[in-house]
Each structure stands twice: as structure tokens, then as C-alpha cells.
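Visitor: There's a structure below that I have some questions on.
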Amino acid sequence: MYDYLIVAAGLSGAVLAERLANKEGKKVLIVDKRNHIGGNTFDFFNSDGVLVHKYGPHIFHTNSLEVFNYLGNFTEWRPYEHRVLASVDGMMVPIPINMNTINMLYGLNLSSEEVSSFLKSKAEKKDRIITSEDVVLSHVGKDLYEKFFKGYTRKQWGMDPSELDASVAARIPTRSNKDNRYFTDTYQAMPLLGYTKMFENMLDHPNISVLLNTDYKDLEKWVPFSKMIYTGPVDYFFNHCYGHLPYRSIEFKFKTFEQQNYQPTGTVNYPNEQAYTRITEFKYLTGQKHDKTTVVFEYPKADGDPYYPVPKSENAELYRKYQLLAQTTPNVYFSGRLATYKYYNMDQVVAQSLTLFKKIQTELVAASNGQKVSLLQ
């Protein structure tokens, strides 16, 4: 008899399994369709001995000391600040757009204040900000929008920015200084021995069992458990009763080269001229020393593993129907990107899971004291 059946061994599932086993002595079974733990952060050594991320680059960054210290219980950290270039007009320029980007693109030598004025002069006034196109045009104007955002967005989402919710572009900052870092979080680092090793450490507990290559629906009727923590696609849990929630997927094409480096930085974006959106070279991320180097090309597509919820109002309405079902389903907790149909950074997933664990702890204390506890979320 398991206290908890946890569906999927990604960040949400692993954090909750570790907390429940270590802090509450609960017996946990984690079930995953894939043949590995770690979810989309899974990394491994390829046939050439290069450490790669199977599902594209995952760079850890957070402003939460609680999250950073929590994961630090299971890994040593390698300090790493990610930098991204964009291939635009035959040049490699920093992204997010900053002072260096503007000066390189336009052959200028503007100061920080002058860059702010330059961007304001290019920005288009919008009475209402509804779409991603509105967001970008109102911040940087048409030329930069077309150089950096329009083509990239069409490839990434299969839609024009004018069709996408404003929240997509709201994630993309612009800067008036020379900060070329992709992220500005207080804590930026990579697991020293990789994500998979970190997950192995998290799940190394006698109360935690892991079953791979298995759909939880194939065993939930005959494996006894008290409660479920579900971190898979919420529409799948409810047998797509309201229809499929749309996602964008990615095809990853890996190439290894017999040279030290392939490109000048960890990731290079290709907003316009290529079918792929970006190329990432893993040795920058991992710090590995090797005579060869491996890169991954990312080709967005409509079908495949679900990676990015498509942010349109009709999809949000569809999710709300599933959310209502989830909220009224007893003995099941829904957590993580797929179960809540929202794109989260890794640290946000960990924080959400730690918060859910505290809620479960409260319920356990109340139940042990003989108080009535709602089994609904």
C-alpha cells in the first residue's frame, strides 16, 4: 500500500516525492511513461562522451534562496550565467536587446540614457495592449520587432505575434545598459554533475519506488494507494472530455563536431533566415572539457511531446473547464506545468511543489489531530 502515487518523475513529482518520504515518512510510488527520471531536464552522456540535455537547454536561475538551497541539498552548483546571441543582419548581437545590441546594429555609440530615448522614439503608441505584437511594437517599434521577434515568434508558435496573447512577449525584456546576460536572477548555476544525478540523489530513499515505461492508467486500478499527485497533462487525466489542450512541441537535432567549440556562446537564436529557432552548445552550459562538442538545433512543430501551452484566450477558457474538474476531484493534487497548463521556469515549478507540500503537511497534521480535512484541492 502506497501513501501516494505520483504521476511523472519531473521536477514537480521528484520534489514532492522527496519531501513526503524524507519529512513525513510516506511511502511513494512514482510512475513515468518515459524510460528515465528527470522529466524534460534529463541529461546524459552521448556516444561521444559529451553531456547533453535530451530535451533542449535547461539553465537554472532563481531569485529564491529557499529554492536554490533546497536543490543544493542534492547537487553541488557550478556558477554559470547564460548568454545568448541573435543572428540578425549578418551579425551576432546580444539578446535581450540592450545598449550593445543597439550600437552594433545601427553603428551608433549611444549611452544608456540615449538608448532609452532611442527606444522611446521608435516605440509605437498603442491605446490597448492585447497581443504580443502590441507589446513589442509599443516597446521597441517596427524595425526591431521585425528583426528579432516577428519571424522567431512565427516559427516558435506557428502563429503571427498579432494572434498571440500579450503574455508571450511580456516575458522578453529590453535593457538600456550593457548587461549581456540572458537572465538577471540572483542565483544562476548548473548542477555540477548534471540534472540526472541531482534527480537520482533526490529519489534515493527507501520509501520511494520508481516505475518507468509505464502509463499510470495501466496500474492505478490494481496498485493500492491513498492519494495521487498528478503532474501530467490535465486533459489526459480527464480523457480529453472537453477536447485536447493545444501545445507546441520541438524536434531536437543533435550534431557532434570534432572541434573544441562550434559557436561563440551557449545559445544563438535565428529569428529569420533558418527553419530552426536556435542552436545550443552544451559545453558552455556544463563546463565539460572535451575534444569534441555537441550542439542541438531546435525545430518547433505542432505535434509531439507537449512543451509549451499555446497562450490564446480560447485555450485559457478550455483549461478553465479542466481546472474546475481538477478542483472537484477528491484525493488528487494537480501540480506542475502540464497539470496546470502554464509555462513555468524550473524554479517556479520547485517553488509550487514546495508550497503544495506545505499544504499537504497542514492537512496531515489536521487529520492526525482528528480534525475534518477537505480532500478537495
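Visitor: Against the condition at pLDDT 95 or above, open to solvent by less than 30 Å² (accessible area, probe 1.4 Å) and charged (D, E, K, R), how does ASP204 come out, does it pass? Let's see the steps before the verdict.
Guide: Working: at pLDDT 95 or above: yes; open to solvent by less than 30 Å² (accessible area, probe 1.4 Å): no; charged (D, E, K, R): yes.
Here the answer is no, as ASP204 does not meet what is asked.
Visitor: A further question on this structure: How many residues does segment 1-32 contain that are under 19 Å from the mean Cα position of the chain (by Cα) and among the charged types (D, E, K, R)?
Guide: Of the residues in segment 1-32, the ones under 19 Å from the mean Cα position of the chain (by Cα) are 7-16, 32.
Subsequent filtering for residues that are among the charged types (D, E, K, R) retains 32.
Qualifying residue count, segment 1-32: 1.
Visitor: Tell me which strands (runs of 3 or more DSSP E) are completely within segment 1-46 and hold 3 or more residues being over 20 Å from PRO224 (Cβ atoms), or say none if there are none. Spell out the reasoning first.
Guide: Numbers: elements: 2-7, 28-31, 43-45.
Result: 43-45.
Visitor: Please verify whether LEU144 is hydrophobic (A, V, I, L, M, F, W, C), buried (at least 18 other Cβ atoms within 10 Å of the Cβ) and within 30 Å of GLY304 (Cα to Cα), treating the condition exactly as stated. Steps first, please.
Guide: Values: hydrophobic (A, V, I, L, M, F, W, C): yes; buried (at least 18 other Cβ atoms within 10 Å of the Cβ): yes; within 30 Å of GLY304 (Cα to Cα): no.
Considered against the rule, which asks whether it is hydrophobic (A, V, I, L, M, F, W, C), buried (at least 18 other Cβ atoms within 10 Å of the Cβ) and within 30 Å of GLY304 (Cα to Cα), LEU144 comes out as no.
Visitor: Of all residues in segment 224-253 being buried (at least 16 other Cβ atoms within 10 Å of the Cβ), of a type in the set (A, V, I, L, M, F, W, C) and over 20 Å from the mean Cα position of the chain (by Cα), which is farthest from THR294 (Cα to Cα)?
Guide: My answer is PHE225.
Visitor: With the checklist (1) among the aliphatic types (A, V, I, L, M); (2) surrounded by fewer than 20 Cβ atoms within 10 Å (Cβ to Cβ); (3) touching a His at 6+ places or on another chain (Cβ under 6 Å) in hand, flag the one item MET91 doesn't pass.
Guide: In the conditions (1) among the aliphatic types (A, V, I, L, M); (2) surrounded by fewer than 20 Cβ atoms within 10 Å (Cβ to Cβ); (3) touching a His at 6+ places or on another chain (Cβ under 6 Å), MET91 misses (3) alone.
Visitor: Taking segment 1-48, which residues are surrounded by 24 or more Cβ atoms within 10 Å (Cβ to Cβ) and either at positive phi or of a type in the set (Gly, Ala, Ser) (or both)?
Guide: ALA8, ALA9, GLY10, SER12, GLY13, ALA14, ALA17, GLY38, GLY39
Visitor: Could you please give the count of residues in segment 163-205 that are outside any helix (DSSP H, G or I) and either of a type in the set (S, T, N, Q) or within 11 Å of GLU81 (Cβ to Cβ) (or both)? Quick ask: steps written out before the conclusion?
Guide: Kept after step one, since they are outside any helix (DSSP H, G or I), are these residues of segment 163-205: 164-165, 171-194, 203-205.
Within this subset, residues satisfying the condition of being either of a type in the set (S, T, N, Q) or within 11 Å of GLU81 (Cβ to Cβ) (or both) are 174, 176-177, 179-190.
Summing the residues that are outside any helix (DSSP H, G or I) and either of a type in the set (S, T, N, Q) or within 11 Å of GLU81 (Cβ to Cβ) (or both) in segment 163-205 gives 15.
Visitor: In segment 275-326, which residue that is acidic (Asp, Glu) and open to solvent by less than 40 Å² (accessible area, probe 1.4 Å) is farthest from ASP43 (Cα to Cα)?
Guide: Taking segment 275-326 and keeping what is acidic (Asp, Glu), we get 281, 291, 298, 303, 305, 314, 317.
Imposing the further condition that a residue be open to solvent by less than 40 Å² (accessible area, probe 1.4 Å) reduces the set to 281, 298.
Details: GLU281: 14, GLU298: 16 Å.
That would be GLU298.
The values are calculated or read from the model by the stated rules, or taken from the named source; none is laboratory data. Source: prediction; values computed, not measured. Using ideal geometry, Cβ is built from the backbone for each residue, glycine included, and neighbour counts are taken over all protein chains shown. Accessible surface areas use protein heavy atoms only, side chains included; no ligands, DNA or RNA. Shrake-Rupley method; radii C 1.70, N 1.55, O 1.52, S 1.80 Å.
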